[in-house]
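The values are calculated or read from the model by the stated rules, or taken from the named source; none is laboratory data. All values reported here derive from a predicted model rather than from experimental measurement. Here the Cβ positions follow ideal geometry from the backbone for every residue, glycine too, while neighbour counts run over all protein chains shown.
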Amino acid sequence: MRAIFSIRKLIDSATLIARKRAPTALRIRYHYRVNLDHAKPFDLLIIGGGINGCGIARDAIGRGLSVLLVERDDLAAHTSQWSSKLIHGGLRYLEQYEFRLVGEALAEREVLLKVAPHLIRPLQFVLPHEPHLRPKWMLRAGLFLYDRLGGWSGQKQTLPASFSTDFRLSPNKHWAAGLKANLQSGFVYSDAQVNDARLVVENAKDAKHRGADIRVGCEFIKAHRNDDEWIATIRDNTTRKEETIRARAIVNASGPWVKSLLSQIDTPPTKESVKHIKGSHIIVPRVHDEPHAYILQNKDSRIVFVIPYFERFSLIGTTDVEVEDYAAPKISEQETDYLLDLANTYLAKSLTRADIVSTYAGVRPLYNDGDDNPSEITRDYTLKLDVLDKKAPLLNIYGGKITTYRKLAEHAVEKLLPFFPQAKKTSWTHAPLQAGASEAALVQLKSELQKQGIDAGYANRIVNRYGLEAQTLVDRGLGEVFDHTFADGEIAYLRDHEWARSVDSMLQRRTKTSLLASSESLVKLRELIARAL
């Protein structure tokens, strides 16, 4: 036995000497393997911190799966912050016979009103009637169906049903606020409005609270299959340090990059393709003082929304333009003209470029269903599962819209359940993002904050921004409050609890302070943020 032990010791010593003398590349390979052998694999590696990636992270962690989410830039940095800010069924999709999509979206609208009441609120829309575009019987039939599709899924519909209205009658004149006098009648129906970027952040925060590892500013580099696992390399963009991790499954939720990212994953080529459709918006001073929105028909059969946006603005959009460059989209001159021309067809006060306060554009990564008309391409989501020889799965997410993100996440996790028999089978994400949050609780908190000496404007702002967590923010100390809009105490909160690491992440994505505060306040806030980061 002593002889055997001595031989083993001699072999170990010789091996150690060989490793020290080996070329650097071989030594790195050896340590790489040792690290892998001792690393505990994640169940899911999710690539992309948009609404789909964060929604999937929340659903999966709540079912007992371990989750690592990596986002190269910032949460909601791309498509998810550039939506039309609506939770809606998509009235125009009825003309494309997208009944399943519309029905699911309308059912989700009701669920999401309870999931995030501080971020999602009911909003009524007025559809002015133009006889030469769509006849009244068609609009009435479409709205009749729209009112009922969500309920047919079994989800009770609580928002007011649609109705027709004559703008000329005294009780109904407010529905035509800001419109030209020749528009005499129309229809009113219900949908909802959302703070899109904050909805992404809230899903990420909830996932982290439940145990998910959320890494913002962390880039996915590459991955390859090793039997029933993925070996992936990720890189921290601040330290530039690379890390090798193991995962039993990868979810590619990288939005516009969903197809190009596959070149970094060792997997067979796919026939699936994406059409990148740019949607642009303009923001102008409020076009009327009433709380409702407009949905305007154009002669090209498209529609454009005019939506109340915060207290002082109207949001007008969107366009549908197929593009090749999707990394940094911007509104074009032609799109600006298109939106202004259509708005001026209906609005009593004409808008010009001088009225535009801000613009934005986002690219929707729609699944290529072969339709050449950008407006006709399905907004439904498509989930493609790649399983090579029944080994580690790769799930690619195509398309989708913010309204149906929760159902997309639910279906994505269900696709992966055969690989995780230990995971809970039932969906659960209808639970509120903040325990105890309801419209009544939010109203009460606003009142309580005012009793604590916070003015009504700022109390309303932070409750609509942070929900019930606004009290935590206040307890930490607000410091100076700028323009009833943003307090310097929010800087540390956003940095420490919401992964905010830049001026843009704090003043644009998470709070919209860049739109709401004065130029003088913005200068001071940028200086405060620079010192805090």
Discussion item. I'm checking my understanding of the structure. Among residues of the range 408-425 that are out of contact with any Ser or Thr (no Cβ under 9 Å at 6 or more places or on another chain) and part of a helix (DSSP H, G or I), which one is surrounded by the most Cβ atoms within 10 Å (Cβ to Cβ)?
Written reply: 408
Item to complete: Test residue 49 against the criterion of being part of a helix (DSSP H, G or I) and modelled with pLDDT of 95 or more, and give yes or no.
Response: no
Discussion item. Among (1) out of contact with any Ser or Thr (no Cβ under 8 Å at 6 or more places or on another chain); (2) surrounded by fewer than 20 Cβ atoms within 10 Å (Cβ to Cβ), there is one condition residue 247 misses while meeting the rest; what is its number?
Written reply: (2)
Worksheet item: Out of the residues in the range 436-464 that are part of a loop (DSSP other than H, G, I, E, B) and either among the β-branched types (Val, Ile, Thr) or touching a Leu at 6+ places or on another chain (Cβ under 8 Å) (or both), which is farthest from residue 43 (Cα to Cα)?
Response: 454
Worksheet item: Could you say whether any residue in the range 485-506 is more than 18 Å from residue 197 (Cα to Cα) and crowded, with 21+ Cβ neighbours inside 10 Å?
Response: yes
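Return yes or no: is residue 90 under 30 Å from residue 330 (Cβ atoms) and surrounded by fewer than 22 Cβ atoms within 10 Å (Cβ to Cβ)?
Details: under 30 Å from residue 330 (Cβ atoms): yes; surrounded by fewer than 22 Cβ atoms within 10 Å (Cβ to Cβ): yes.
So residue 90 passes the test.
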Practice prompt. Restricting attention to the range 167-210, report how many residues are among the basic types (Lys, Arg), touching a residue at least 12 places away in the same chain (Cβ under 8 Å) and within 18 Å of residue 71 (Cα to Cα).
Written response: 2
Worksheet item: Given (1) under 30 Å from residue 195 (Cβ atoms); (2) modelled with pLDDT of 95 or more; (3) assigned to a strand (DSSP E or B), where does residue 351 come up short, assuming only one miss?
Response: (3)
Discussion item. Looking at the range 432-484 only, could you name the residues that are of a type in the set (A, V, I, L, M) and loosely packed, with under 14 Cβ neighbours inside 10 Å?
Written reply: 435, 440, 443, 456
Practice prompt. For the range 508-533, enumerate the residues that are touching a helix residue (DSSP H, G or I) at 6+ places or on another chain (Cβ under 9 Å) and either acidic (Asp, Glu) or on the phi > 0 side of the Ramachandran plot (or both).
Written response: 512
Response to the item:
Restricted to the range 329-365 and to residues being among the small types (Gly, Ala, Ser) and touching a strand residue (DSSP E or B) at 6+ places or on another chain (Cβ under 9 Å), the residue surrounded by the fewest Cβ atoms within 10 Å (Cβ to Cβ) is 358
Worksheet item: Quick check, is residue 211 at positive phi and not assigned by TED's automatic domain parsing to the domain that holds residue 243?
Response: no
Practice prompt. Within the range 103-126, track down each residue that is part of a strand (DSSP E or B) and under 27 Å from residue 51 (Cβ atoms).
Written response: 120, 121, 122, 123, 124, 125
Worksheet entry | the range 507-532: number of residues that are in a helix (DSSP H, G or I), surrounded by fewer than 16 Cβ atoms within 10 Å (Cβ to Cβ) and without any contact (Cβ under 8 Å) to a residue 40 or more places away in the chain | 7
Worksheet entry | Residues being more than 18 Å from residue 363 (Cα to Cα), modelled with pLDDT of 95 or more and not hydroxyl-bearing (Ser, Thr, Tyr) - total across the range 304-327 | 6
